[in-house]
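Taking it in order: structure first as structure tokens, then the write-up.
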Amino acid sequence: MTIEVTNTTITDTIRRTEQFVKAKLEGENSGHDWGHIDRVRRLAMKIAKEEKSANTTIIELAALLHDIADWKFHGDGAGQREARKWLESIFIDETTIASVCDIVQNISFKKNAPQVPLSIEGKIVQDADRLDAMGAIGVARAFAYGGNRGRDMKESVQHFYEKLLLLKDRMNTNTAKKLAAKRHQFMLDYLKQFYGETKEED
Ligand code: ADP
Ligand code: NI
């Protein structure tokens with residue numbers, strides 16, 4: 001009985017958070033649209049299932065809230081402030097709030113900032129976020145991002161070398177390492193084909 005009540009509450013919390021994030025990211029075109037959030041959430045839950053011993057409620061909430069206010073656009077700390085405000089408004093316990101906010105604040109790499117060690121839940125969400133920048137989805141996102149900023153294809157391809165091809169060596173969990181290897185290979189194949197077709201045009 002108690003378990004049933006708890007599960008219902010968790011499902012409700014996730015569902016309400018999902019709706020909150022969806023509404024907030026409506027019309028977002030910085031690469032953090034709802035599709036990205038949903039893929040990161042699913043990937044994180046898949047990794048969690050394989051890795052075991054992680055709190056899936058914290059993972060799911062952190063994945064849903066991880067890009068709620070990107071620091072590049074809203075300033076440092078904005079994401080965790082937004083996340084806390086939301087979680088407090090739906091009466092989540094302080095321990096969970098603190099764990100989720102810690103992930104939201106520290107998951108993305110910030111230049112010149114010391115790297116804070118992440119919890120296992122944070123490592124899993126970070127892996128999922130990085131995986132979504134790789135593979136076929138990663139390629140699509142890179143060109144979408146470049147297109148949004150009026151950059152040509154060659155400039156977007158630069159991003160593969162600056163970031164996307166480095167991600168496979170930055171995975172935390174073994175499950176993500178395996179998934180990353182496949183996505184990495186796809187990007188290499190993609191680039192080979194891209195250069196092949198570029199030459200044919202000459
Ligand atoms: P996240 O915070 O979700 O890890 P970012 O905000 O760094 O990702 O970027 C969002 C998406 O846009 C990612 O897929 C990333 O690869 C892509 N992106 C970021 N910067 C560039 C760039 N200079 N050129 C092309 N794509 C980019
Ligand atoms: Ni993200």
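Kindly provide the set of residues from the stretch 126-144 that are part of a helix (DSSP H, G or I) and either of a type in the set (A, V, I, L, M) or in contact with a strand residue (DSSP E or B) (Cβ under 6 Å, 6 or more places away or on another chain) (or both), ordered by number. Let's see the steps before the verdict.
First pass over the stretch 126-144, keeping only residues part of a helix (DSSP H, G or I): 126-131, 135-144.
Of everything in the stretch 126-144, those that are part of a helix (DSSP H, G or I) and either of a type in the set (A, V, I, L, M) or in contact with a strand residue (DSSP E or B) (Cβ under 6 Å, 6 or more places away or on another chain) (or both) turn out to be A128, L131, A136, I137, V139, A140, A142, A144.
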Completion exercise
Reported set for the stretch 142-177 where residues are within 16 Å of ligand 2 (Cβ to nearest atom) and at pLDDT 95 or above is A142, H159, K163, L164, L167, R170, M171, N172, A176
Completion exercise
How many residues of the stretch 7-33 are away from ligand 2 (no atom under 16 Å from the Cβ), of a type outside the set (S, T, Y) and assigned to a helix (DSSP H, G or I)? The answer is 9
Problem - Number of the exception - K22 against (1) buried (at least 20 other Cβ atoms within 10 Å of the Cβ); (2) closer than 28 Å to A180 by Cβ - result: (1)
Problem - Failed item in (1) in contact (Cβ under 8 Å) with a residue 24 or more places away in the chain; (2) more than 9 Å from ligand 1 (Cβ to nearest atom), with K178 passing the rest - result: (1)
Practice task
Just name the residue that is farthest from K85 (Cα to Cα) out of those in the stretch 34-66 that are surrounded by fewer than 23 Cβ atoms within 10 Å (Cβ to Cβ) and within 10 Å of ligand 2 (Cβ to nearest atom).
Solution key: R39
Practice task
Check I107, I124, I97, I92 and return the single one that is under 20 Å from F20 (Cβ atoms), among the hydrophobic types (A, V, I, L, M, F, W, C) and within 16 Å of ligand 1 (Cβ to nearest atom).
Solution key: I107
Exercise for the section: Among the numbered conditions (1) part of a helix (DSSP H, G or I); (2) touching a helix residue (DSSP H, G or I) at 6+ places or on another chain (Cβ under 7 Å); (3) within 16 Å of ligand 2 (Cβ to nearest atom), tell me where K123 comes up short. Expected result: (2)
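Can we say H184 is modelled with pLDDT of 95 or more, open to solvent by less than 40 Å² (accessible area, probe 1.4 Å) and not polar (S, T, N, Q)? Don't jump to the end; show me each part of the working.
On the way: modelled with pLDDT of 95 or more: yes; open to solvent by less than 40 Å² (accessible area, probe 1.4 Å): yes; not polar (S, T, N, Q): yes.
Yes, satisfied.
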Problem - Where K154 falls short, out of the listed (1) more than 7 Å from ligand 1 (Cβ to nearest atom); (2) open to solvent by 60 Å² or more (accessible area, probe 1.4 Å); (3) in contact (Cβ under 8 Å) with a residue 24 or more places away in the chain - result: (3)
Practice task
Could you tell me whether the stretch 71-79 includes any residue that is within 16 Å of ligand 1 (Cβ to nearest atom), closer than 16 Å to H32 by Cα, in contact with a Leu (Cβ under 8 Å, 6 or more places away or on another chain) and not in a loop (DSSP other than H, G, I, E, B)?
Solution key: yes
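The values are calculated or read from the model by the stated rules, or taken from the named source; none is laboratory data. For clarity, every value in this text was computed on a predicted model and none was experimentally measured. Ideal geometry is used to build each Cβ from the backbone, glycine not excepted, and the neighbour counts take in all protein chains shown. Please note that ligands, DNA and RNA were not included when accessible areas were found on the heavy atoms of the full protein model with its side chains. Shrake-Rupley method; radii C 1.70, N 1.55, O 1.52, S 1.80 Å.
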